[in-house]
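All remarks here apply to the structure that follows.
The values are calculated or read from the model by the stated rules, or taken from the named source; none is laboratory data. Remember, predicted model here, so these are calculated numbers, not experimental data. Positions of Cβ are backbone-derived with ideal geometry, glycine not excepted, and every protein chain shown enters the neighbour counts.
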Amino acid sequence: MNNCSRSFSVFVTRALILFLHCCISFNYGDVDSATKKVTDISTPKRSLGLVVQYEYFLNGTKKEVISNGRQEVRKQLTFQAYQDSDIFSKIEEGSQGDLNISVVIIEKAFVNRGLSMLTGISFGLFPSWGSSNLFVKTYVSDRNGKPIGEIVASSSSVTIMQIFLLAPMILFYPPYVYDEYIKGTNRYTLNEAVRRGIFRSD
């Protein structure tokens, strides 16, 4: 009897692990896959001071603990988007660059707990989903603190969980898609700044 109970427990555990990984995500909105380059060769690269702030809301309620825990990861992804752009000579945290950018990221996630429980009870046969709306406000100033420009970007990400999504998960793996969600929205901001000529030196 003990062996049967143990075998059943192992089966349930493996089924749950498989189920929990059967989900896909996709992004839409102000999300760019690449950063446009500054084509004016007369514009020299300048150093950048970058500050990132992050706030997280779940079903309308601000979650301080989650915000604090996730802020460092969001900051790293934002820094990576700016570094990969190759627009600046160097990027440092703070406000001591030729240009200074303050990025405020507000994430509002929505999850239907009832549907999530139903998905769990049915071992993934019944689908559930959650969504995240990202609002990124970017403020650009010169080394003296004089405002140069402000850009607002918004994007969304949807995650669907169901046992039958194991195959498409290869292309829409949530952790990778979510990283692109943060970086892609920052790329949009950079592209918009280039389009407006915000990074041009006077």
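Looking at region 71-81, is at least one residue exposed (fewer than 14 other Cβ atoms within 10 Å of the Cβ), of a type in the set (D, E, K, R), modelled with pLDDT under 95 and part of a strand (DSSP E or B)? Looking through region 71-81, none of the residues is exposed (fewer than 14 other Cβ atoms within 10 Å of the Cβ), of a type in the set (D, E, K, R), modelled with pLDDT under 95 and part of a strand (DSSP E or B). Kindly provide the set of residues from region 25-68 that are modelled with pLDDT under 80 and either part of a strand (DSSP E or B) or in contact with a strand residue (DSSP E or B) (Cβ under 8 Å, 6 or more places away or on another chain) (or both), ordered by number. Within region 25-68, Phe26, Ile66, Ser67 qualify. Scanning region 132-146 for residues that are in a loop (DSSP other than H, G, I, E, B) and either without any contact (Cβ under 8 Å) to a residue 12 or more places away in the chain or hydroxyl-bearing (Ser, Thr, Tyr) (or both) yields a total of 2. If you filter region 72-118 down to residues that are over 16 Å from the mean Cα position of the chain (by Cα) and among the basic types (Lys, Arg), you find that the one that is nearest to Tyr188 (Cα to Cα) is Lys90.
Among the residues in region 99-109, are any over 21 Å from Val152 (Cβ atoms) and either among the aliphatic types (A, V, I, L, M) or modelled with pLDDT of 95 or more (or both)? No: region 99-109 contains no residue that is over 21 Å from Val152 (Cβ atoms) and either among the aliphatic types (A, V, I, L, M) or modelled with pLDDT of 95 or more (or both).
Of the residues Phe123, Phe164, the single one that is at pLDDT below 70 and part of a helix (DSSP H, G or I) is Phe164. Among the residues making up region 74-118, those that are among the aromatic types (Phe, Trp, Tyr) and in contact (Cβ under 8 Å) with a residue 40 or more places away in the chain are Tyr82, Phe88, Phe110.
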